[in-house]
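Worksheet: one structure, shown below.
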Amino acid sequence: MPMSDAEWHARVELAACYRLAAHFRMTDLIYTHITARVPDAEGHFLINPYGLRWEEITASSLVKIDVDGNKIDDSPYNVNPAGFTIHSAIHRASHQAAWIMHTHSRAGVAVSTLEEGLMPLNQIALQFYDQISYHDYEGIALDLGERARLVDSLGTNPVLVLRNHGLLTTGPTAAAMFNTMFYMERACDIQVATLSMGQKIRPVTDDIARHVAAQYKGNMGEDDDVALEWAAHLRLLEQIAPDYKT
């Protein structure tokens, strides 16, 4: 169907997120979602075609839906409206959450089952110090009544750990959202490896944790850094999966 340049650009970037998530093994076969608000169409969103592996997704195969997960274009693909419950709640509540990524990765789900959640064990994890929200498990996200509680749990943080379920990150851009998930996933993976050694853990004090978090916020993770990382990711895709933008 005819579409604006802004929508096509969002489609290309969203397809890139799916392919990168597949490359970095953050998928759950055909389940979970990465969604994007269509920049110039109020109440319209892009989501993965239900049934395709993330390795198969392209810009043109993405499906445009409304806030309730109903298709609004003539895509031949179906969508999973129930899977959009979590995303729709946050998209509607926060203008900054133009992009949302939800995963069921091995490390992410493992950390979500711990009472402590993500622990301040290492430098990568410390960038998230005091920037993670938690939402208690209520079952498979089919109840629309849970949407308001999800929004309340997230607050203004960029990361939501869905207890006993998985991870969710948000961002105003594809690059910001993916960067946050990439390092959140890395922090979870390191924590699982650390705890599996069964050795005494050397803790980081709260003062040092706050200091490092401030360093990340003030000197690292700036827009220029995120843009450089995103460009590096896209160069990788040009080598391994250039068809993502078709």
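Readers should treat all values here as calculations from the given coordinates under stated rules, not as data from a laboratory. Please read all numbers here as calculations on a predicted model, not as lab measurements. Neighbour counts run over all protein chains shown; Cβ positions are idealised from the backbone, glycine included.
Side notes on the structure shown:
- The 3J(HN,Hα) values that the Karplus relation (6.51, -1.76, 1.60; θ = phi - 60°) gives for the range 68-74 are, in residue order, 9, x, 8, 5, 10, 10, 9 Hz. Gly and Pro appear as x.
- Comparing D143, D207, D152 in a Gaussian network model of the chain where C-alpha atoms under 10 Å apart are linked, the largest mean-square fluctuation is found at D207.
- For S133, the residues whose amide H sits under 5 Å from its own are V159, L160, V161, ignoring neighbours fewer than 5 places away on the same chain, with H placed 1.01 Å from N.
- Backbone HN-Hα couplings from phi across the range 230-239 [Karplus 6.51/-1.76/1.60, Hz, Gly and Pro as x]: 5, 4, 5, 4, 5, 5, 4, 4, 4, 8
- DSSP bridge analysis restricted to the range 5-245 gives an antiparallel fraction near 85%, rounded to the nearest 5.
- Computed from backbone phi with θ = phi - 60° and the Karplus coefficients 6.51, -1.76 and 1.60, the 3J(HN,Hα) list for the range 192-203 is 4, 5, 5, 5, 5, 6, x, 9, 5, 8, 8, x Hz; x is used for glycine and proline.
- Placed amide H near A98: partners under 5 Å, 5+ positions off or other chain: G171
- Once the GluC sites (Glu not before Pro) in DSSP loops with at most 10 neighbouring Cβ atoms within 10 Å are cut out of the chain, the longest remaining piece is 117-246.
- Translational diffusion coefficient of the range 1-103 (Stokes-Einstein, Kirkwood radius from Cα pairs, 25 °C, 0.890 mPa s): 184 µm²/s.
- Charge-dipole axis of the chain as Lys and Arg at +1 and Asp and Glu at -1 on Cβ define it, positive-most pick from A21, H211, T194: T194
- Backbone amide hydrogens, once placed in the peptide plane, bring V79 within less than 5 Å of Y50, excluding anything fewer than 5 places away on its chain.
- Spherically averaged projected area of the range 5-245 from its Cα convex hull (nm²): 13.0 nm²
- Point-charge dipole on Cβ atoms (K/R +1, D/E -1) for the range 70-225, about Cα centre, debye to 20: 260 debye
- Selection from M119, G51, G83, by position along the positive dipole direction of the chain (Cβ): M119
- Put in line by how crowded their Cβ is, counting other Cβ atoms within 10 Å and starting with the fewest, R163, R186 read R186, R163.
- Axis of helix 5-23 versus longest Cα principal axis of the chain: the two differ by about 50°, to the nearest ten degrees.
- V111, V79, V204 arranged by Cβ crowding within 10 Å, fewest neighbours leading: V204, V79, V111
- Per-residue ellipticity at 222 nm computed for the chain from its helices equals -13000 deg cm²/dmol, with DSSP H segments shorter than 4 residues left out and the rest contributing -39,500 (n - 2.57).
- Taking other C-beta atoms within 10 Å as the exposure proxy, W99, W230 rank W230, W99 from fewest upward.
- Overall, the anisotropy analysis places the range 199-246 in the oblate class: the square-rooted eigenvalues a ≥ b ≥ c of its C-alpha gyration tensor yield a/c not less than 1.5, with a/b not exceeding b/c.
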